[in-house]
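Visitor: Quick one: structure below, then a few questions.
Computed from the coordinates by the stated procedures, all read-outs in this text should not be read as laboratory data. Since the structure is predicted, the reported quantities are computational estimates derived from the model, not experimental observations. Glycine gets a Cβ as well: all are built from the backbone with ideal geometry, and neighbour counts include every protein chain shown.
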Amino acid sequence: MKICKMRIVDIHTHNSNADNALISVAPQKLPLHSLNSYSVGLHPWDTTSVTDSDLEALKTAALQNNVYAIGECGIDKLRGASLEIQKKIFEYHIQLSEDLCKPLIIHQVKSLDEIFFYRKKYSPSQRWLIHGFRGNLLTAKQLLNSGIEFSLGSNFVPEILQIMPMKSLFLESDDSSCFSALLCKVAKILNKSEQELEQLLVENNHSFLNV
């Protein structure tokens, strides 16, 4: 039985005190009895010394009732362990996502080719979300056409909202504290009130997180 407060607007943050958000944490930092909602994963930046016990800790944490997604995880070609190690750890997250029927939240830097490869390889039943997408219209279309969704942060390209299916709109604060400004900006572009946008985000979040 799930125990979170349910209302989620910010789909990805590292602010452990955030309200109405999906809080991304490492397995060892997951609060076991919190009523907040969490995603759990091994960040690519932290892959240089991952052990089998770390992977077991991830699996154990992912089973908790207050964990609704796997990640953030992924591949970063500028930071972290070697590409081969990051690939293996990413695949572990993909399999965990499928086994537990929890969506996958992805960190990617210069690794879209690899993300597309694994999407094709696994044909996952769970939804994939690339967080903090800053790419252009062409890349956004490629992602959406492949079935990969993405969330927008403070540095998004405004034109993307022109092609974004409203059912796939997700906003995030990540490591920033300016989510309210982001919400206001997007609401104005979409010609919606902030309350209307919040309600849309809640519905999209619930659908994505299977709650």
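Visitor: Add -39500 (n - 2.57) for each DSSP H run of 4 or more in the chain, then divide by its residues: what number comes out at 222 nm, to the nearest 500 deg cm²/dmol?
Guide: -11500 deg cm²/dmol
Visitor: Which listed residue (L104, L55, I23) has the Cα farthest towards the positive end of the charge dipole for the chain, taking +1 on Lys and Arg C-beta and -1 on Asp and Glu C-beta about the Cα centre?
Guide: L104
Visitor: Near K102, which lysines are there with a Cα under 28 Å away, not counting those fewer than 8 places off in the same chain?
Guide: Within the straight-line limit of under 28 Å, K102 reaches these lysines: K2, K5, K29, K59, K77, K87, K88, K110, K120, K121, K141, K167.
Visitor: Got the relative contact order for the chain handy, in percent, Cα pairs under 8 Å and 6 or more residues apart?
Guide: Details: 375 pairs, mean separation 40.9, N = 211.
Relative contact order comes out at 19 percent.
Visitor: Please arrange F170, F150 by counting, for each residue, the other beta carbons lying within 10 Å of its beta carbon, fewest first.
Guide: Least crowded to most crowded, the residues run F170, F150.
Visitor: Can you sort C101, C73 from fewest to most other Cβ atoms within 10 Å of each residue's own Cβ?
Guide: With the sparsest Cβ surroundings first, the list reads C101, C73.
Visitor: Each label point is 7 Å from the Cα along the Cα-to-Cβ direction; what then is the distance between the points at W45 and S16, in nm?
Guide: 1.6 nm
Visitor: Continuing with this model, one more query. Rank-order 30-38, 42-50, 9-17 by packing density, defined as the average count of other C-beta atoms within 10 Å over each peptide's residues, highest first.
Guide: 9-17, 42-50, 30-38
Visitor: Got a sec to turn the phi values of segment 45-62 into Karplus ³J(HN,Hα) couplings, 6.51 cos²θ - 1.76 cosθ + 1.60 with θ = phi - 60°, whole Hz, x for Gly and Pro?
Guide: Calculated HN-Hα couplings, in order: 5, 9, 8, 5, 9, 6, 10, 4, 5, 5, 5, 5, 5, 4, 4, 5, 5, 5 Hz.
Visitor: So, with +1 on the Cβ of K and R and -1 on the Cβ of D and E, and no other charges, what is the size of the charge dipole of segment 10-209 about its Cα centre, to the nearest 20 debye?
Guide: Once rounded to the nearest 20, the dipole reads 500 debye.
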